[in-house]
Structures are given as structure tokens and as C-alpha cells.
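Colleague: Structure below; questions to follow.
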Amino acid sequence: MDFIRNQLDGYGMSEQTVIYLSNMIMVLFIALVSILANYIAKKIVLKTIIHIVNNNRYTWDNIIVEKKVFHKLSHLVPAIIIYFSASIFPAYQTLIEKAAMTYMIIVTIMVFNALLNAFDEIYRSFEVSKVRPIKSYIQVAKIVLFIIGGIIVISNLIGQNPLIILSGLGALSAVLMLVFKDSILGLVAGVQLSSNDMVRVGDWIEMPKYDADGDVIDITLNTVKVMNFDKTITMIPSYALISDSFKNWRGMQVSGGRRIKRSIYIDTSSICFCTQDMIEEFRKIHYLSDYVASRLEEIEEYNLEHQINRDSNVNGRQLTNIGVFRIYIQEYLKNHPRIHKDMTLIVRQLAPGDNGMPLEIYAFTNDTNWGIYESIQADIFDHIFAVASTFGLRAFQNPTGHDIVHLKESSDYVREYGS
């Protein structure tokens with residue numbers, strides 16, 4: 001600074017102008033040095049470290065780089081230069097030192113936070129993490145880190161010992177917890193929701209306790225705002241998402257497939273062995289021709305091998321209309337352009353009951369949009385109900401008023417005209 005002022009004095013400037021210009025030049029010089037140091041740290045030192053990390057046989061250091069620990073650490077370089085340059089400006093020395101120190105403390109907190117994330121990621125790469133997870137301990141460590149960091153930042157700004165702040169907070173803790181109970185609960189819930197990635201803005205969540213079924217449009221300290229599908233708004237306390245159960249449909253949306261799980265109920269009295277005429281009809285069906293041919297050959301070989309008496313259909317193995325119908329639905333779904341081919345696809349029989357035999361379709365559409373999903377599901381079951389009669393099957397339906405009237409009319413006809 002003295003050198004700069006001596007140089008400026010040679011130009012015959014006033015003392016006030018010399019002081020002002022020397023300060024400006026010094027600020028620009030410090031800024032230039034800080035920028036240069038930051039450039040060296042990031043473009044040379046950081047790249048060298050990354051190169052070393054990428055070319056060794058260890059994997060844990062790659063995770064540290066991915067979590068940007070060294071990137072965050074490089075931000076300390078210009079702050080250190082500014083901190084040690086504060087003595088050049090005696091009038092503003094304390095203010096500059098406090099600002100630079102606060103920045104360095106915050107950067108240090110971010111570095112330790114990134115290190116904790118990296119440690120968690122490294123630990124999860126080992127099999128023991130599945131038996132003994134440490135994520136909860138990492139979260140506790142982060143809470144302690146941010147509390148201690150916040151206290152140090154405040155003590156640095158006000159120029160007091162951190163222990164004094166801690167003793168003051170201890171006396172006020174009971175009052176603070178009473179006054180800010182909802183905010184504290186919301187804050188803790190927000191940290192857990194964010195850390196565990198439980199809910200995001202845009203997620204479709206379902207929480208019957210609060211009559212919430214729609215998209216999350218806002219997450220605040222105390223509430224989560226949900227726009228239901230009827231366009232009403234439901235406000236859910238943030239801590240309720242931690243203490244109570246709710247369903248998040250994000251996994252379905254991210255997977256790209258939405259589940260169809262619905263049954264068609266078959267009248268059990270329509271189930272029978274396939275006749276020769278039925279088999280010939282099935283051979284004409286595109287999705288069944290290969291199956292019927294291979295299945296009949298397999299059945300014939302089995303019956304001949306075991307010398308089955310073919311005079312009765314009860315003996316040996318036979319095709320049934322319900323079995324062929326099940327295979328047809330399965331092949332139909334496999335060839336359906338809107339069914340996800342990489343997800344589970346099952347057509348199965350469930351236990352028969354008062355409503356007949358349930359034939360359940362379990363598959364996934366390749367479009368998660370609600371409207372399109374319902375349209376695909378409806379088209380599939382339209383087709384299944386329409387083709388059931390081709391297999392000699394009837395969908396079960398409880399008697400309706402129309403059935404009773406029709407039965408009464410038939411009875412009256414028989415009484416009047418005879419059978």
C-alpha cells in the first residue's frame with residue numbers, strides 16, 4: 001500500500017485522492033490475486049487430483065470426487081487470501097475478517113457435509129450396509145454439524161465465545177420448543193423428507209386420513225400442499241408425512257409402467273373339455289394356432305405313453321376351454337402394443353367363489369398417464385368379454401331384474417302352451 005501511495009504522490013494528486021485511488025488499486029489487486037488463486041486451485045490442482053483419483057485402483061476416492069468434496073474445498077483459497085489481506089485496510093479490517101471467516105466456516109461445513117455423504121455412499125457399497133445401515137447416524141451427525149456450525153458463525157459475527165451462546169440457548173430451549181413446536185416438528189420432518197427423498201413437488205401422493213389424493217404443488221416448513229384430482233386443495237402437516245402412512249406413486253411414474261390387476265369372473269358351469277369342433281375353431285385363431293398344435297402333440301404323446309383309455313374324457317390329459325382361454329389372453333397381452341414387455345405379465349386363476357372363477361390379469365401398461373391407462377385397460381377387457389363366448393365360456397353375473405322377468409315369462413309360456 002505504501003508503495004502504491006508513493007507512486008501516486010509523484011503525480012501531484014491531493015492526499016484524499018491518493019488514499020482513494022490506492023485503496024481502489026489494492027482492492028483490484030487482491031481481487032485479481034484471488035481470481036488467479038481460484039483458477040489455479042480449480043483448473044490445475046483440482047484437475048490433477050481428479051486425474052490421480054481416476055487412474056488408481058481404489059473406488060472410494062472416486063465417490064469423494066463425485067460428491068464434490070475437493071470442489072467445495074477449493075472455495076477456501078480466495079477466502080484465505082482476503083482474510084489475510086484485511087490488515088491492509090485498518091478501518092475495515094474487523095468487518096473483512098469476520099465476513100471472510102464466516103464464509104470459510106460455511107464452506108468448511110459444506111465440505112464436512114459432502115464428506116458425510118461420501119462416507120455414506122462408500123459404506124453402502126459394502127454388503128454389511130444391508131444388515132447394518134448407518135444412514136440414520138449420518139443424519140444425526142449432519143444435524144450436529146449444522147448446529148455447531150451455526151453457533152460458530154453467530155459467535156464469529158457477534159465476537160463472543162460459542163460457549164456463551166450455548167448457555168443462553170439452554171435457558172431458552174424450553175420456551176423455544178413451546179412457542180415454535182409446530183415449526184420445529186416441521187423442520188425435523190422437512191429434513192427427513194428431504195434426506196430420505198420421501199416426497200417431492202410434482203409427486204402424486206395418496207393419504208386417505210387427510211382426504212388427499214393428488215399432486216404435491218408446494219412443500220413449506222409446516223405444511224405440504226396437495227392439489228386433489230377434483231381441483232380441491234388439501235393442506236397436510238409436514239410431520240404427518242413422517243408419523244403417518246401415505247402412498248407415493250412416483251415409483252410407478254418413474255418406472256414407465258402402470259399396473260393392471262383386474263379379474264373377469266367365469267361362470268363355472270360353462271367350463272368343459274374342448275370338443276373337436278372347438279379345437280378346429282381354436283386352430284384358426286392367430287395367437288393359438290402354434291399353442292394348440294404343440295399342446296395336442298404333447299397330450300397325444302402322454303396318453304399313448306401311459307396307454308390311456310380314450311373312451312372317456314376323464315381319463316388322461318385333455319384340453320379345457322378355460323385353459324385355452326387363459327393362454328389366449330396371455331398371448332393377446334404379450335402382443336398388445338400398449339403393454340410393457342419388460343415387466344411382469346401373468347394371467348392366473350384365483351380360488352373360485354360365489355361369483356364364479358376369477359381369471360386375473362396382472363400386467364403393466366407402457367404409459368402411466370391416468371387417462372391413457374384407463375383407456376388401455378378398458379380396451380383390453382372389452383376384447384376379453386367379447387371373445388369369451390368363442391371359447392364356450394360365460395362371464396358370471398348375478399341375476400338382474402331383467403333375468404327374473406324373462407324367467408317368469410318363460411314359466412308362464414310353459415304353463416300355457418306346455419313344453
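Colleague: How many Å² of accessible area per residue for the range 230-311, probe 1.4 Å?
Modeller: Numbers: 5320 Å² over 82 residues.
Spelled out: the 1.4 Å probe surface of the range 230-311, per residue, equals 65 Å².
Colleague: Taking a 1.4 Å probe, which of 77, 387, 188 shows the most accessible area, and what order do the others take after it?
Modeller: Result of the area sort, largest leading: 188, 77, 387.
Colleague: Could you quote the convex hull projected area for the chain, Cα atoms only and averaged over all directions, in nm²?
Modeller: 40.9
Colleague: Could you pull out every one of the lysines with an alpha carbon less than 19 Å from that of residue 181, ignoring same-chain neighbours closer than 8 positions?
Modeller: Counting by Cα, and skipping residues close in sequence, residue 181 has no lysines nearby.
Colleague: Oh, and also: At 1.4 Å probe size, with the rest of the protein present, what percent of the exposed accessible area of the range 35-119 is carbon and sulfur atoms?
Modeller: Roughly 70 percent, rounded to a whole number.
Colleague: Leaving ligands, DNA and RNA out of it, rank 325, 84, 29 by accessible area with a 1.4 Å probe, largest first.
Modeller: 84, 29, 325
Colleague: Next up: Straight distance only, please: which aspartates and glutamates reach the Cα of residue 341 with their own Cα at less than 20 Å, same-chain residues fewer than 8 apart left out?
Modeller: 331, 360, 367, 374, 379
Colleague: 5 Å is the cut-off here: which amide hydrogens, built 1.01 Å from N in the peptide plane, fall below it relative to residue 396, excluding neighbours closer than 5 in sequence?
Modeller: HN-HN under 5 Å from residue 396: 265, 266, 267.
Colleague: If one computes the Cα centroid of the range 306-346 and of the range 25-91, what distance in Å separates the two points?
Modeller: 68
Colleague: Give me the base-10 log of I(q)/I(0) for the range 275-395 at each q in 0.20 Å⁻¹, Debye formula, one uniform scatterer per Cα, rounded to two decimals.
Modeller: Reported log10 I(q)/I(0), two decimals: -1.21.
Colleague: Then there is this: When the chain is treated as a GNM, springs tying every alpha-carbon pair under 10 Å, which of 314, 224, 199 comes out with the largest mean-square fluctuation?
Modeller: 314
Colleague: For residue 135, what accessible surface area do you get with a 1.4 Å probe? Give it in Å², rounded to 10.
Modeller: We get 80 Å² for residue 135.
Colleague: Amide H of residue 224: which non-local residues (sequence gap of 5 or more, or other chain) have their own amide H closer than 5 Å, using H built in the peptide plane?
Modeller: 236, 238
Colleague: Roughly how tilted is helix 181-195, in degrees to the nearest 10 and between 0 and 90, from the longest Cα axis of the chain?
Modeller: The answer is roughly 70 degrees.
Colleague: OK, next. Tell me the label-point distance for the pair residue 249, residue 385, using the 7 Å Cα-to-Cβ offset, in nm and rounded to one decimal.
Modeller: Distance between label points: 2.3 nm.
Colleague: Separate question: Would you mind telling me the share, in percent, of accessible area of the range 299-391 contributed by carbon and sulfur at probe 1.4 angstrom?
Modeller: Reported share for carbon and sulfur atoms: 46 percent.
Colleague: With respect to the cross-link table entries 47/72; 67/247; 135/225; 225/261; 67/135, which display a Cα-Cα separation exceeding 19 Å?
Modeller: Going by Cα-Cα distance, 67/247; 135/225; 225/261 fall outside the 19 Å limit.
Colleague: At a probe radius of 1.4 Å, what is the per-residue accessible area of residue 124, in Å² to the nearest 10?
Modeller: The accessible area comes out at roughly 130 Å².
Colleague: Also, I was wondering about something else. To the nearest 10 square angstrom, what accessible area does residue 394 show with a 1.4 Å probe?
Modeller: 120
Colleague: On to the next question. With a 1.4 Å probe and all protein chains in place, put 163, 193 in order of accessible area, largest first.
Modeller: Output order, biggest surface exposure first: 163, 193.
Colleague: Taking 7 Å along the Cα-to-C-beta vector as the label spot, tell me the residue 272-residue 195 distance in nanometres, rounded to one decimal.
Modeller: Once both label points are built, they end up 6.7 nm from each other.
The values are calculated or read from the model by the stated rules, or taken from the named source; none is laboratory data. Worth saying up front: this structure is predicted, and the values here are computed from it rather than measured. Here the Cβ is made from the backbone with ideal geometry for all residues, glycine too, and neighbour counts use every protein chain on show. Remember, those area values only see protein heavy atoms, side chains included, never the ligands or the DNA or RNA. Shrake-Rupley method; radii C 1.70, N 1.55, O 1.52, S 1.80 Å.
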